[in-house]
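What follows is one structure encoded as structure tokens, with my remarks underneath.
The values are calculated or read from the model by the stated rules, or taken from the named source; none is laboratory data. For clarity, every value in this text was computed on a predicted model and none was experimentally measured. A quick note on method: Cβ atoms are made from the backbone with ideal geometry, for glycine too, and the neighbour counts reach across all protein chains shown. Heavy atoms of the whole protein, side chains included, go into the accessibility calculation; ligands, DNA and RNA do not. Shrake-Rupley method; radii C 1.70, N 1.55, O 1.52, S 1.80 Å.
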Amino acid sequence: MLTPIRAALGLVAGSVVAGVLVAAMVTPAVALAGVGVNTTLDAFENLPGYIKPDALSQTSSIYAQNADGSQTLLASFYDQNRQDVGWNDVSQYFKDAIVSTEDPRFYVHGGMDVQSTVRALIANSVTGDIASGASTISQQYVKNILVQRAEAISDPTAEAAAYAEATATTPDRKLKELKLAIGLEKEYSKDDILLGYMNIALFGGRVYGIQAASQYYFGVNASDLTLPQAASLAAIVNEPEGLRIDEPANIAANTARRDKDVLASMLKESAITQPQFDAAVATPVTPNITPLSTGCQTASDGAGFFCDYVKNIILNDPAYGATADDRANALNRGGYTIVTTLDPSLQAAANQAVTDYVPQSMSSVDIGGAFVTVQPGTGKILAMAQNKTYSQDPAADPATNTAINYSTDAAYGGSSGFQNGSTSKLFVLLDWLKTGHSLSDVVNGSNNQTFTSSNITNSCGETVSTPYKAGNDAGEVGGNATVLTQFEDSVNNAFLNMATKLDLCDINKIASDFGMHRADGNAMDTGLYATVLGGNEVSPLTMAAAYAGVAANGLFCTPVAISSITDAAGAAVDVPQSSCTQAIDPVLAQTALYAMQGVIQSGTATTANPADGTPHFGKTGTTDAEKDVWLVGGTTQLVSASWVGNVTGNVSIRQTAVTGANGVKVGSGLSRLYVWKEFYRGTGDARGGSSFPLPASARGRGSTGSGSGTGAGASSPTPSASAPAPASTGAPDAPTGSPIPTPAPTG
């Protein structure tokens, strides 16, 4: 180990002595320009003499939160792969290797090595240029600080100019570097300077600092480096690209530098013994390349899309930087530890369910599938899966790979959304209840109804431009039946009829209060078709969050994906918070939940019923041309949107049989139901859930039955005796009729 001894010669290296020596060293160069030693000395004395090391660019990482409080790494982001470490976290072998090789008198001089400077003076006098700089570790550290400072500039032009200034082979730059090194020695201890240098140094590519280099090249921490490994890394420092050992062609050159320069210098300086030297030289350079992958494609269990959503939250929020470049710098250089709301066990279950029932690609349809889960009462996004592999590689097969997130809005890396079909009937039902109507009211759902501007009211927008007729789904005659029955069977004309007694403006206001908005950022269409039968393109996340608001007794919470962020210093960084508002009276929400349990037990989603004793609720949706099919709902603990449809095109999903990874062929649009069922019957229902009884205050309006909602074996909500429900087929609805002028979405 090298012992720090400050000799008298080192202490003499003050500003004046240093200035004279450096002036002499650069004289051959400056004389060519007609500049004398006195001028150079004056310039040296007038230079700034203090530099403070900046916070270094460090890796940011995104984590999921496990139930036991532990964290699972999803992905890392970096411009420079670096992890700062402390003095005791670096092998003494590497410390000795760097000092012995780069600056043997480091613990003796005061920032400038006089002996090395004199040698450089002689060499430069011969060449007439600054061929040798005699840089000490302190000087190299100063140069690296200035380079890092330049690379942190987000403006490309300003960055290039600052980098050129920090690396220029000019007398001015050399004088400035030396003056700052002398000032650095006055402010910081030798060990602090050496540690800073070891953390800042480049080791090839985007690998910076001794910890990242140890992990990348040898798969060990810096504290565990052996002598041969430490010497091999020390060999890289002065020629990072030419001696990096992740390129096999460089191994011989690295070995030569390691043996003849680094290890030989260590032996000369008595940092190692002859037997240690001999053993190290006999050890071949054997890298164990362990890359730290960057980007969301590294996330496991299909979490790349959620990771991308989190990334886009940061890139879109001015809280993380005034410009897009500033925010990208904050993510890629800020050393953030980002803990998200994602639950790894739920994510794995969601990803498996989508994989099992929705193929990545099909020749007959541009198939897409997404499943996203939100926690009622908090807005936390717990799972987000889709049927593609997340990739930003332009060479990846677009049939099975994509960077487009089907679950989110376009502004956050998502698509432009998908029509949500009859899942919009929930908001019609809520307004129906809010205006004093009940589930036991009898409405006409027959096909022979026409809707015009004369019988449709919209106090804040248009209704229909021409007479509108819609067909019912699953071949129902419709007829007179209770609202409860019409909802369970998703009868289009019944809800269009109900809309004649309501104001479309009020229905859309309720939908908006539950966070409904278009995924493409445009204003919602508030006409009859879009309002009642789901003609707006929305994201699965928007649907899951809205239904979670109903499950939370009408308390809608905006979706949130980030739990906490800390910076490289461990300081807390503000994160977006969920905003929760009471979107509707709790009794009305509970009444709607009571109705939605019937959809699972005896309505259009009976195929999805896990029948495991946990109470469930939900609503199906099928869009025009059957190009998108949905099931949104869940339990009081977890609410999910399950979507399967066309990414592009208008192929009928109902008429397309799909086969997932489990080999099961599923037809008639049932894939969304099987995905939902597998998620809840397995992992999801382990989180429990409360029942959905009809509120006492709602029973007085003519409804019958209390509806225990106990899941498997629970009785279906009882419709009005005056309008018995048609027999349920136990299958999802199938199209019928010819909507005019626009095809109607279905249940």
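A simple packing score, the average count of other Cβ atoms within 10 Å per residue, orders the peptides 285-298, 620-633 as 620-633, 285-298, with the highest score first. For segment 546-566, the residues whose backbone nitrogen is under 12 Å from a point 7 Å from the Cα of A319, taken along Cα to Cβ, are 560-566. The phi-based Karplus calculation (6.51 cos²θ - 1.76 cosθ + 1.60; θ = phi - 60°) puts the 3J(HN,Hα) values of segment 96-103 at 5, 5, 5, 5, 4, 8, 8, 6 Hz, whole numbers, x for Gly and Pro. In summary, the lysines within cross-link reach of K434, defined as a Cα separation below 27 angstrom excluding same-chain residues under 8 places away, comprise K425, K469, K501, K509, K619. How would segment 166-243 be classified by its alpha-carbon gyration tensor: rounded, prolate or oblate, with rounded meaning a/c under 1.5 and the a/b versus b/c comparison settling the rest? Because a/c hits 1.5 or more and a/b fails to exceed b/c, segment 166-243 counts as oblate.
If only the Cβ of Lys and Arg carry +1 and only the Cβ of Asp and Glu carry -1, the dipole of segment 283-384 around its Cα centre is close to 200 debye. Stretching the chain fully between T290 and T435 yields a gain of 45.8 nm (0.36 nm per residue, less the alpha carbon separation).
Each residue of segment 577-590 was assigned a 3J(HN,Hα) from its phi angle through the Karplus curve 6.51 cos²θ - 1.76 cosθ + 1.60 (θ = phi - 60°); the sequence is 9, 6, 9, 10, 9, 7, 6, 7, 4, x, 4, 5, 4, 5 Hz, with glycine and proline shown as x.
So how much slack lies between A661 and E187, counting 0.36 nm per residue of separation and subtracting their Cα-Cα distance, in nm? Could you put the intermediate results ahead of the total?
Values: separation 474, 0.36 × 474 = 170.64 nm, distance 6.32 nm.
In short, 164.3 nm is gained.
Apolar share of the accessible surface for segment 585-640: 46 percent from carbon plus sulfur atoms, 1.4 Å probe.
Taking amide H atoms as placed 1.01 Å from N in the peptide plane, the amide H of N480 lies under 5 Å from those of G445, each 5 or more residues away in sequence or on another chain. Remark: segment 507-568 carries 26 Å² of accessible area per residue (probe radius 1.4 Å; ligands, DNA and RNA excluded). Annotation: amide H-H contacts under 5 Å for V666 (H modelled 1.01 Å from N, sequence separation of 5 or more, or interchain): V658, T659, G660. For segment 293-441, the average shadow cast by the Cα convex hull is 12.9 nm², which is a quarter of the hull's surface.
Answer with one residue from N405, G379, S416: the one whose Cα lies farthest towards the positive end of the charge dipole of segment 318-416, charges on Cβ with Lys, Arg +1 and Asp, Glu -1. My answer, from the dipole projection, is G379.
Going highest first, how would you order 214-220, 275-281 by mean Cβ packing within 10 Å? All intermediate terms of the calculation are to be shown ahead of the outcome.
Details: 214-220: 21.0, 275-281: 15.7.
Taking the mean over residues of other Cβ atoms within 10 Å, the ranking is 214-220, 275-281.
Counting only protein heavy atoms and a probe of 1.4 Å, the accessible surface of segment 379-478 is 50% carbon and sulfur. Suppose R0 equals 51 Å. What FRET efficiency, 1/(1 + (r/R0)^6) with r the Cβ-Cβ distance, do T558 and A264 give to the nearest 0.05? The formula returns an efficiency of 0.20 here. In terms of Cα to Cα distance under 23 Å, which lysines are near enough to K260, apart from those fewer than 8 places away along the same chain? Cross-link targets: K95, K268.
Report the extension gain between K52 and A686 in nm, rounded to one decimal, defined as 0.36 nm multiplied by the number of residues separating them, less their alpha carbon distance.
Answer, rounded to one decimal: 222.8 nm.
Working note: Karplus 6.51/-1.76/1.60 with θ = phi - 60° gives segment 69-82 the couplings x, 6, 10, 10, 5, 9, 6, 10, 10, 6, 7, 10, 6, 8 Hz, where Gly and Pro are set to x. Over all pairs of different C-alpha atoms, segment 459-564 has a mean inverse distance whose reciprocal, the Kirkwood radius, equals 15.4 Å.
Charge dipole (Cα centre; +1 on Lys/Arg Cβ, -1 on Asp/Glu Cβ; no other charges) of segment 68-116 amounts to roughly 100 debye.
At 1.4 Å probe radius, can you tell me the per residue accessible area of segment 138-287 in Å²?
Working: 5990 Å² over 150 residues.
Using a 1.4 Å probe on heavy atoms only, each residue of segment 138-287 averages 40 Å².
Of the accessible area of segment 294-357, computed with a 1.4 Å probe over protein heavy atoms only, carbon and sulfur atoms account for 46 percent.
Summarising the amide proton neighbourhood of D503: residues at separation of 5 or more, or on other chains, whose placed amide H is nearer than 5 Å comprise an empty set. Accessible area per residue for segment 375-461, computed on protein heavy atoms with a 1.4 Å probe, is 35 Å².
Compute the signed sum of charges (Lys and Arg +1, Asp and Glu -1) over the other residues within less than 15 Å, Cβ to Cβ, of R333. Net of charged neighbours comes to -4.
When the surface is traced with a 1.4 Å probe over the full set of protein chains, R244 keeps roughly 40 Å² accessible.
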